[in-house]
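What follows is a single structure, written as structure tokens, with notes after it.
The values are calculated or read from the model by the stated rules, or taken from the named source; none is laboratory data. Just so you know, these numbers come straight off a predicted model, no measurement behind them. Note that each Cβ is placed from the backbone with ideal geometry, even for glycine, and that neighbours are counted across all protein chains shown. To get the accessible areas, we keep the full protein, side chains included, count just its heavy atoms, and leave off ligands, DNA and RNA. Shrake-Rupley method; radii C 1.70, N 1.55, O 1.52, S 1.80 Å.
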Amino acid sequence: MRAYQKLFGGLSLMSALVLAGCGGFSSEPQMRVASAPLPAHPQAASQQPMQNAAPMPGRLSQYRLDAGDELRVIVFGQEALSGTFRVDDSGSITMPLLPPLGVRGLSTAQTKTSIEQALSQTLLRNPNVSVEVSQFRPFFILGQVNAPGQYPFVSGMTVETAVAIAGGYTYRANTSRARITRTASNEFKAETNALVMPGDTIFIRERFF
């Protein structure tokens, strides 16, 4: 019996030593290090700082006036001088008691300054003017669409939107790209999600096969 107890005690001691060596009964607290999520993991993406989107070309904040635009001009405190004025074919607007003012190629902020200067030189002291576009000039769409022509501009529209307004593509149309003429010196190829600006002429080409 005593020999059996010695044998059992020896086996227990050996088992304890083996387990201790494997870390199964370590007396020291185990520290777990949280692994960082992989870059492709959704959690990693949510932890990355968001980048500001690049400014899209053709924003209306960069818009320049031309014939066909209608402006709402408010001269504060002067209802007789306020109203809606159309940019004529010469690129000018005509306001009461003022000579025609050339606004072609100007932004609304520049037009505001021009009107204030004209009023201060002739009628008012320190005039305060507000200018905004009440109606943009139309756009044109030609080529392989079912109803080519001139259409009212809608803010935020794309080439694809313009095609839809013009009745959709013909069966011969190149549906992947278009050509946009923005000014006499600014013509470029555009994807279907490209923004359209007032006065643009969009041309949908015929596909080669």
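Odds and ends about this structure:
- Estimated FRET transfer efficiency when R0 is 30 angstrom, pair N126-T84 (beta carbons, to 0.05): 0.80
- For the stretch 59-209, the solvent-accessible area works out to 56 Å² per residue, with a probe of 1.4 Å and every protein chain left in place.
- Modelled spin labels at A184 and T158, positioned 7 Å past Cα toward Cβ, are 3.3 nm from each other.
- Rounded, prolate or oblate (a/c below 1.5 giving rounded, otherwise prolate when a/b exceeds b/c) for the stretch 71-209 by Cα gyration tensor: prolate
- Three-way shape call for the stretch 85-124 based on the alpha-carbon gyration tensor, with the a/c threshold at 1.5: oblate
- Shape of the stretch 139-195, Cα gyration tensor, a/c cut at 1.5: rounded
- Shown for the stretch 109-209: the carbon plus sulfur share of the solvent-accessible area, taken with all protein chains present and a 1.4 angstrom probe, equals 49%.
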